[in-house]
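The values are calculated or read from the model by the stated rules, or taken from the named source; none is laboratory data. Only a predicted model underlies this, so the values are computations on that prediction, with no experimental measurement involved. Cβ placement follows ideal geometry from the backbone for every residue including glycine, while neighbour counts extend to all protein chains displayed. Accessible surface is based on the protein model in full, side chains and every heavy atom, while ligands, DNA and RNA are left aside. Shrake-Rupley method; radii C 1.70, N 1.55, O 1.52, S 1.80 Å.
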Amino acid sequence: MRLGALKTVAALAVTGAAAGWWLTASDPLPDDHLSAVVGDAAAGEQVFIAAGCASCHTAPEAEDSEGPPILAGGQHFETDFGTFFAPNISTDPVHGIGAWSDMELVNAIQRGISPEGAHYYPAFPYTSYTRATAQDMADLVAYMRTLPADATPSQPHEVGFPFNIRRSLGGWKWLFADDDWVMTGDLDPQLERGRYLVEALGHCGECHTPRNALGGLDRGNWLAGAENPDGDGRIPDVTPDGLGWSAPDIVAYLESGFTPEFDTAGGSMVAVIKNTSRLPAEDRAAIAAYLTALP
Amino acid sequence: MKRLATVLTVFSLTGLGSTALAESHVDPAIAGAIKARQAHMQLYAHNIGVLGGMARERIPYDAEAAQAAASNIAALSTLNQSTYWPEGSDTSVEGSRALAAIWENLDDVMSKSEDLVMAAAVMEDAAGQGLGALQGAIGGLGGACGACHEDYRQSDD
């Protein structure tokens with residue numbers, strides 16, 4: 001009897017460990033994810049802008065210039081879980097992504113999985129990018145391959161125990177990664193585009209939505225404002241009740257950085273405005289339509 | 001004790017309590033400097049509001065009014081603000097959104113301030129020359145404001 005109970009416990013432990021191992025394993029995209037699409041670099045530049053890649057992956061001392069962005073990495077982000085350093089994602093074959101296959105890149109962007117199968121920290125907003133279309137991802141990859149190489153090595157993240165156990169991020173993904181849309185229902189084409197820009201490429205919810213103690217997004221308070229993940233202060237509530245701006249106000253802000261009171265954008269939003277000001281006008285209108293349609 | 005309670009009640013009923021208590025531990029010189037620079041920012045916003053309203057064609061373009069607003073901004077940008085920014089008047093003081101990074105990067109702050117002087121001068125030359133000229137200059141002016149707010153102003157609701 002005693003031995004039997006022990007065996008049961010042992011069996012449960014093995015099953016539990018196996019389940020844990022399974023739950024924390026990486027879950028890549030199907031191999032044929034990109035097989036029906038052909039990447040177009042010119043279209044990919046628009047995806048790159050809408051996704052805000054350069055805001056994090058250019059070097060911290062990089063000045064705005066007219067030329068193509070140099071994605072050398074090095075900006076750091078201090079969070080409750082440690083300090084994360086944006087890596088080099090330039091076309092350098094050693095220090096960047098130059099030697100990665102298209103599928104390796106897209107698995108990184110949409111699943112948060114490295115070419116070696118390790119989990120990325122969700123400071124990289126793959127939980128938003130997971131909602132992007134295969135066509136946009138193929139275009140983005142085609143564009144990234146046209147950008148200059150830079151040989152700056154990526155810096156390791158400074159993350160303490162237990163968050164330094166990357167395997168545990170598999171459990172985090174299982175708990176919190178959710179590729180369903182937040183806004184549901186019958187959307188017209190403009191709202192659908194706005195939802196795509198806000199919830200997928202623009203990854204607005206990553207800062208504007210509060211997080212729980214483990215860093216999972218609180219979808220019940222979608223875009224309702226949050227603590228600033230990168231310092232003190234707060235990230236604003238951009239729901240209609242919290243913001244109180246009209247759609248033309250939002251469009252003007254995304255284009256010029258001026259609020260309706262002619263204050264200007266500050267903090268990380270300055271980099272966001274640099275991107276939104278380069279989007280087509282109909283994309284800014286779509287974002288405004290989405291934000292003003294939020295509950 | 002009862003008298004204290006009465007006094008506190010009167011204070012809070014008259015709205016004096018919160019203000020008096022909140023400011024009691026702030027050096028008056030620092031509190032005054034914060035008020036002065038926030039008023040300065042308000043004057044920028046008011047004048048940019050005139051230019052921005054015209055740029056967005058919400059109010060009709062008026063060369064004289066545009067020129068006056070642009071000249072005000074140019075004048076504001078060149079005022080000596082050294083007493084507005086005493087060390088210690090950062091976000092540790094209630095009501096201040098100025099990040100401590102300002103005092104750690106004074107060279108960069110000064111260089112961004114010079115960029116604002118230049119952008120304001122460009123606007124001063126442009127504002128009276130027609131709506132198109134005004135619209136062409138307002139992006140640079142907003143960018144100069146935002147450059148400082150990006151690194152040195154606390155995010156807030």
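The charge dipole of the stretch B:25-152, taken about its Cα centre with unit charges on the Cβ atoms of Lys, Arg (+1), Asp and Glu (-1) only, comes to about 420 debye.
What is the average number of partner chain Cβ atoms found within 10 Å of a Cβ in A:264-277? Mean shielding count: 5. Only one residue of A:Ala43, A:Phe161, A:Thr184 has its Cα farthest out toward the positive end of the dipole of chain A, where Lys and Arg carry +1 and Asp and Glu -1 on Cβ, and that residue is A:Phe161. Normalised by residue count, the stretch A:27-71 yields a Cα convex hull volume of 110 Å³ per residue.
For the residues of B:129-141, the average number of beta carbons from a partner chain within 10 Å of their own beta carbon is 1. The simple Förster model, with R0 at 25 Å and r as the Cβ-Cβ distance, assigns A:Asp241 and A:Asn212 a FRET efficiency of 0.65. Only Cα pairs under 8 Å and 6+ residues apart enter the sum, and on that basis the relative contact order of the stretch A:29-179 stands at 33 percent. A dipole drawn for the stretch B:48-157 from +1 and -1 charges on Cβ atoms has a positive end, and of B:Ala120, B:Gln135, B:Trp103 the residue lying farthest that way is B:Gln135.
Take each residue of peptide B:49-62, count the partner chain Cβ atoms within 10 Å of its Cβ, and average: the result is 2.
Please pull out the direction-averaged projected area of the stretch A:29-179, using the convex hull of its alpha-carbon atoms, in nm² to one decimal place.
8.9
Approximating the spin labels as points 7 Å out from Cα along Cα→Cβ, the A:Ala41-to-B:Ala100 distance works out to 4.7 nm. Remark: the protein assembly as shown carries a charge dipole of roughly 1540 debye about the Cα centre, counting +1 on each Lys and Arg Cβ and -1 on each Asp and Glu Cβ.
A DSSP coil position with no more than 12 other Cβ atoms inside 10 Å describes the following GluC sites (Glu not before Pro) in the stretch A:13-64: A:Glu61, A:Glu63.
Length gained on full extension, A:Arg234 to A:Trp174, computed as 0.36 nm times the residue gap minus the Cα-Cα distance: 18.8 nm. Ordered by solvent-accessible area of protein heavy atoms (1.4 Å probe), largest first, the residues B:Met118, A:Met269 come out as B:Met118, A:Met269. For a modelled paramagnetic label at B:Glu114, 7 Å from Cα along Cα-to-Cβ, the residues of the stretch B:122-157 in reach, with backbone nitrogen under 20 Å, are B:122-124, B:140-152. Shape class for chain A, computed from the alpha carbon gyration tensor (a ≥ b ≥ c): prolate, with a/c not under 1.5 and a/b above b/c.
Computed from label points 7 Å out along Cα-Cβ, the spacing between A:Ala151 and A:Asp32 is 4.3 nm. With the convex hull drawn over the C-alpha atoms of the stretch B:25-152, the volume per residue is 98 Å³. Over all Cα atoms in the stretch A:181-295, the spread is summed up by Rg and Dmax: 13.5, 38 Å.
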